[in-house]
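Read the structure below first, then the notes.
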Amino acid sequence: MTFMSAIPRCAFQVKSNLRSIIDEENCIGCGVCVVACGRKVFRYDYVNKKAKVVYPYNCMVACQTCVNLCPSNAISFQRNEQTEREQIQRLVKDYNIVKKAKKALAEREDEFRLP
C-alpha cells in the first residue's frame, strides 16, 4: 500500500471544493472531455448534444486535462477563497503526507535510491 492510498478517494475534492464546471453556452458538444477524462467525471447528454458534469467528486486536483483539451473554453474550475496551493498544502498537513512519504522512503529504499 502506498502512502497516498491512505487518503480517501475523494478527499481532495470534498475538502477543497474544487470541481469542474461546464459553461453550457460555450459548450459545442464535441464530447472531447467525456472521452478524454479517465476519472469519468463527465457524461454525454445525447438529447441536448452537450457534456455534463455528473460525477464531480471523481475529479482530480490539478489534472485540468478537460480544461486544456476543450476547444471552446467551456470548462473551468469552481474555486473557493483559498488558492489551490493553500488547499492542497492543508490536505498534506491534515493527512500527514510528509510522515507517510518518509515512511515509504524508508521501507522502499532500494526502489527510490539513486542509481
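Laboratory data are not the source of any read-out in this text; all were calculated from the coordinates shown. The shown structure was predicted, so the numbers you read here are calculated from the model rather than taken from an experiment.
HN-Hα J couplings of segment 102-115 from phi, Karplus 6.51/-1.76/1.60, θ = phi - 60°, integer Hz, Gly and Pro as x?
Listing the rounded values in order: 5, 5, 5, 4, 5, 6, 10, 4, 4, 6, 9, 5, 4, x Hz.
List every residue whose amide H lies under 5 Å from the amide H of R39, counting only residues 5 or more places away in sequence or on a different chain, with H placed 1.01 Å from N in the peptide plane.
Under 5 Å from the amide H of R39 lies no amide H from a residue far enough along the sequence or on another chain.
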